[in-house]
Amino acid sequence: MSKLLPWIAGAALVALPFIYNSPYPLHIIVIILIWSFVYTSWSVMGRFGLVSLGHGGFLGVGAYVNALLWNNFGLTPWIGIPLAMLAAAGLAVLIAYPCSRFRITGHYFALVTMALSAIVLQVITATRDVTGGSLGYTPQRVPGGSSLFAFQFTDKETWYWIALAIWGGGLFVRWYVDRSMMRYALEAISEDEDAASAAGVHVTAEKLKITALSAAMTALGGALYCQYQMFISPDTVSGISASLQMVFASVVGGIYVLLGPTVGAVITIMLAEVLRIGFGTAAVGWDNFVYGILLVLFIIYLPQGIVGSLMAKLRGARVGS
Amino acid sequence: MLEVNGLIKRFGGFTSVNNVSFKVDQGEILGLIGPNGSGKSTIFNMLSGFFPPTAGSIRFQGRELAGMAPYAIIQGGIGRTFQIPRPFRRLTIFENVALAGYYGQEGRTRAKAFESAEKALTLVGLPLDRHAPVDGLGAAGLKKLELAKALATEPKLLLADESLGGLDEHEMDQAADMLNRIRAELGITIIWVEHIMGVLMRVVDRVMVLDHGEKISEGLPSEITNDPRVVEVYLGSDAVAVQAMAAARG
């Protein structure tokens, strides 16, 4: 029965737009799916103690590289997005390699990667002639609105299925890593790098692999967000705040469980929406304030996150009975 | 099989290992003894790539190891344990050993890794249960796990670092027998670093004694125990006098 549950849930999700396709809720669900994918991408490495605050940078590279290639060279996102993912992976290796060689781990790794987020934000803002700077950037729309070549679609249903597929793909990647031998190596590295290399693990190679994977996935999320919203600004897809957002949501949901980052996305996005609708412009920035308080509370009282703690409770109950 | 020449390791102005040379033959158990700080662990760390030597060469099966990264040396056929066991507590006992089985050799499949993990666990006498956590193990169990991890990498040469510290006499005997069995059943050559001389002398073929980073003696166990330099290092100069007097009295 529990084996069937994911398939039933998956089928229900795929069928959703046939039953219910009210535009606003569907829009919120698409946004939730895209960010769930991004947060899951972060957690792919974050769960192994590799806490990166540089993912805002990878998100920005994904969004801007793809959009710039489309606007300036007419390159289809079918090629632009993979190129953007490669660029993000390359940037990730550029940062992660020296970090690994010089044993910059834990808090120091978070600080170094945080600088990366800030740098990407600065570069986007400073090169305003090319990127539009802090005013944001819009990919050129194709006449008629929808085009497979341009990866632009006007109807929400199509976007829902795209986002659902990508989100499912993200969960699959994380699940796959979790059941691979790579998980053993990364858990070992997170505990004791020397002991891991005494078991034959090439510590730097394993770290670079997971970092490049996580960065490329995050870039895909950024490009997807751009194609869906048809507008990006440096503050939403890059910078330290975007990175912190990923950490907030993942910690709230629980980084050690597959669906943790997804639940984190649901909670944080719903919270932002409720504040926006309930208080309007009077509540601008409140969501970040509430996230901050939540993050502190969660780290102290519920470090496993909501899903993680629930599952531990359930498991405890099952063992107890 | 292993040929070490003029090995030197300096940490700043301190010379931890000074011009040590030795050979290990295929199939033998070499005991490496010496007081605390005599450079035993430093030699192990150089042999396994954790410290690059300041000078000297380490040739293993005709290949120079000095300067190679630890993972490459491990995959090249050298296994090592740590003086204080360093298990991965987030993994189960089985996963600890399977990890070593997978990454300890190049191009391993998961099935092959699990197979060598089972073999290693069986040999050291740990349960094959896939879900047993590390936290349930005591001092002797952790030492067994440490050994199983090293064995799962399927080494040709095993560097066993003070594997008996903290064990009672019965456990010590068991562990000594274990090393004998590892050589007999798997044909693995062993260098065994140990504080406790008694047990070691029963098992090893040859002994090398270090003091202040220098090799002061090398030979059969029976020769070593009668070497006045060794007795002095281990028991102090009074003991040498006592021994000399005893010998004089006949």
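Of (1) over 17 Å from B:LEU159 (Cα atoms); (2) not in a loop (DSSP other than H, G, I, E, B), B:ASN36 satisfies all except one. Which?
Answer for B:ASN36: the failing condition is (2).
Taking the conditions exactly as written (touching a helix residue (DSSP H, G or I) at 6+ places or on another chain (Cβ under 9 Å) and either among the small types (Gly, Ala, Ser) or modelled with pLDDT of 95 or more (or both)), does B:PHE94 satisfy them or not?
yes
Taking region B:100-138 only, how many residues are under 24 Å from B:ASP177 (Cα atoms), more than 14 Å from every other protein chain (Cβ to nearest Cβ) and open to solvent by less than 60 Å² (accessible area, probe 1.4 Å)?
Going through region B:100-138 one residue at a time, the tally reaches 7.
If you check every pair at least six apart or on different chains, which have Cβ atoms under 8 Å apart with a residue in region A:121-137 that is assigned to a loop (DSSP other than H, G, I, E, B) first and a residue that is hydrophobic (A, V, I, L, M, F, W, C) second?
The qualifying pairs are A:GLY136/A:PHE231; A:GLY136/A:ILE232.
So, in region B:60-78, of the ones that are out of contact with any Lys or Arg (no Cβ under 8 Å at 6 or more places or on another chain), under 26 Å from A:SER190 (Cβ atoms) and more than 7 Å from chain A (Cβ to nearest Cβ), which residue ends up surrounded by the most Cβ atoms within 10 Å (Cβ to Cβ)?
Top of the filtered list is B:ILE73.
Which residue is farthest from A:VAL51 (Cα to Cα), if the candidates are limited to region A:241-284 and must be outside any helix (DSSP H, G or I) and open to solvent by 40 Å² or more (accessible area, probe 1.4 Å)? First the steps, then the outcome.
The first filter runs over region A:241-284 and keeps only residues outside any helix (DSSP H, G or I), leaving A:254-259, A:284.
After this cut, where a residue has to be open to solvent by 40 Å² or more (accessible area, probe 1.4 Å) as well, the list is A:256, A:258-259, A:284.
Working: A:TYR256: 13, A:LEU258: 17, A:LEU259: 18, A:VAL284: 28 Å.
Checked region A:241-284; the qualifying residue farthest from A:VAL51 (Cα to Cα) is A:VAL284.
Would a scan of region A:140-163 turn up a residue that is more than 14 Å from chain B (Cβ to nearest Cβ), small (Gly, Ala, Ser), within 26 Å of A:GLY264 (Cα to Cα) and within 22 Å of the chain's Cα centre (by Cα)? Even if it seems obvious, please write down each step before you answer.
If we filter region A:140-163 for residues that are more than 14 Å from chain B (Cβ to nearest Cβ), which is where we start, we get A:140-163.
After this cut, where a residue has to be small (Gly, Ala, Ser) as well, the list is A:144-147, A:150, A:163.
Those left that are additionally within 26 Å of A:GLY264 (Cα to Cα): A:163.
Still in the list and also within 22 Å of the chain's Cα centre (by Cα): A:163.
Checked region A:140-163: at least one residue is more than 14 Å from chain B (Cβ to nearest Cβ), small (Gly, Ala, Ser), within 26 Å of A:GLY264 (Cα to Cα) and within 22 Å of the chain's Cα centre (by Cα).
Assess whether B:SER57 counts as being more than 13 Å from B:LEU210 (Cβ to Cβ), crowded, with 21+ Cβ neighbours inside 10 Å and of a type outside the set (Val, Ile, Thr).
When the stated conditions are applied, B:SER57 does not pass them.
Given the structure, is B:MET46 assigned to a helix (DSSP H, G or I) and either outside the structural domain of B:GLY138 (by TED's automatic domain parsing) or crowded, with 21+ Cβ neighbours inside 10 Å (or both)?
Yes.
Might you check whether a residue that is within 16 Å of the chain's Cα centre (by Cα), charged (D, E, K, R), open to solvent by 20 Å² or more (accessible area, probe 1.4 Å) and more than 9 Å from chain A (Cβ to nearest Cβ) occurs anywhere in region B:16-24?
Yes, region B:16-24 contains a residue that is within 16 Å of the chain's Cα centre (by Cα), charged (D, E, K, R), open to solvent by 20 Å² or more (accessible area, probe 1.4 Å) and more than 9 Å from chain A (Cβ to nearest Cβ).
Quick check on B:ILE43: is it under 17 Å from the mean Cα position of the chain (by Cα) and within 11 Å of chain A (Cβ to nearest Cβ)?
Numbers: under 17 Å from the mean Cα position of the chain (by Cα): yes; within 11 Å of chain A (Cβ to nearest Cβ): no.
Here the answer is no, as B:ILE43 does not meet what is asked.
State whether the residues of region A:221-240 include one that is over 26 Å from A:ALA96 (Cβ atoms), open to solvent by 50 Å² or more (accessible area, probe 1.4 Å) and part of a loop (DSSP other than H, G, I, E, B).
Yes, that holds for at least one residue.
In region A:300-311, which residues are in a helix (DSSP H, G or I), surrounded by 12 or more Cβ atoms within 10 Å (Cβ to Cβ) and over 19 Å from the mean Cα position of the chain (by Cα)?
Taking region A:300-311 as the starting set, the residues that turn out to be in a helix (DSSP H, G or I) are A:300-301, A:305-311.
Subsequent filtering for residues that are surrounded by 12 or more Cβ atoms within 10 Å (Cβ to Cβ) retains A:305-311.
Those that are in a helix (DSSP H, G or I), surrounded by 12 or more Cβ atoms within 10 Å (Cβ to Cβ) and over 19 Å from the mean Cα position of the chain (by Cα): A:SER309, A:LEU310, A:MET311.
Of everything in region B:213-231, what is assigned to a helix (DSSP H, G or I) and among the small types (Gly, Ala, Ser)? Give them in sequence order.
Residue satisfying the conditions is B:SER222 alone.
Quick check on B:LEU158: is it surrounded by 22 or more Cβ atoms within 10 Å (Cβ to Cβ) and within 21 Å of A:MET181 (Cβ to Cβ)? Quick ask: steps written out before the conclusion?
Numbers: surrounded by 22 or more Cβ atoms within 10 Å (Cβ to Cβ): yes; within 21 Å of A:MET181 (Cβ to Cβ): no.
When the stated conditions are applied, B:LEU158 does not pass them.
Just to be sure I understand the filter: pairs with C-beta atoms under 7 Å, separated by 6 or more residues or on different chains, first member in region A:92-103 and more than 14 Å from A:LYS209 (Cα to Cα), second member hydroxyl-bearing (Ser, Thr, Tyr). Which pairs pass?
Taking only residues 6 or more apart or on different chains, the pairs are A:ARG101/A:THR204.
Residues of region A:174-207 being hydroxyl-bearing (Ser, Thr, Tyr) and either more than 10 Å from every other protein chain (Cβ to nearest Cβ) or surrounded by 21 or more Cβ atoms within 10 Å (Cβ to Cβ) (or both), which ones? I'd like the intermediate steps shown before the answer.
Taking region A:174-207 first, the residues hydroxyl-bearing (Ser, Thr, Tyr) are A:176, A:180, A:184, A:190, A:197, A:204.
Scanning region A:174-207 gives A:TYR176, A:TYR184, A:SER197.
The values are calculated or read from the model by the stated rules, or taken from the named source; none is laboratory data. Just so it is clear, the structure is predicted and the values come from calculations on it, not from any experiment. Cβ atoms come from the backbone with ideal geometry, glycine included; neighbour counts cover every protein chain shown. Only protein heavy atoms, including side chains, enter the accessible area calculation; ligands, DNA and RNA are left aside. Shrake-Rupley method; radii C 1.70, N 1.55, O 1.52, S 1.80 Å.
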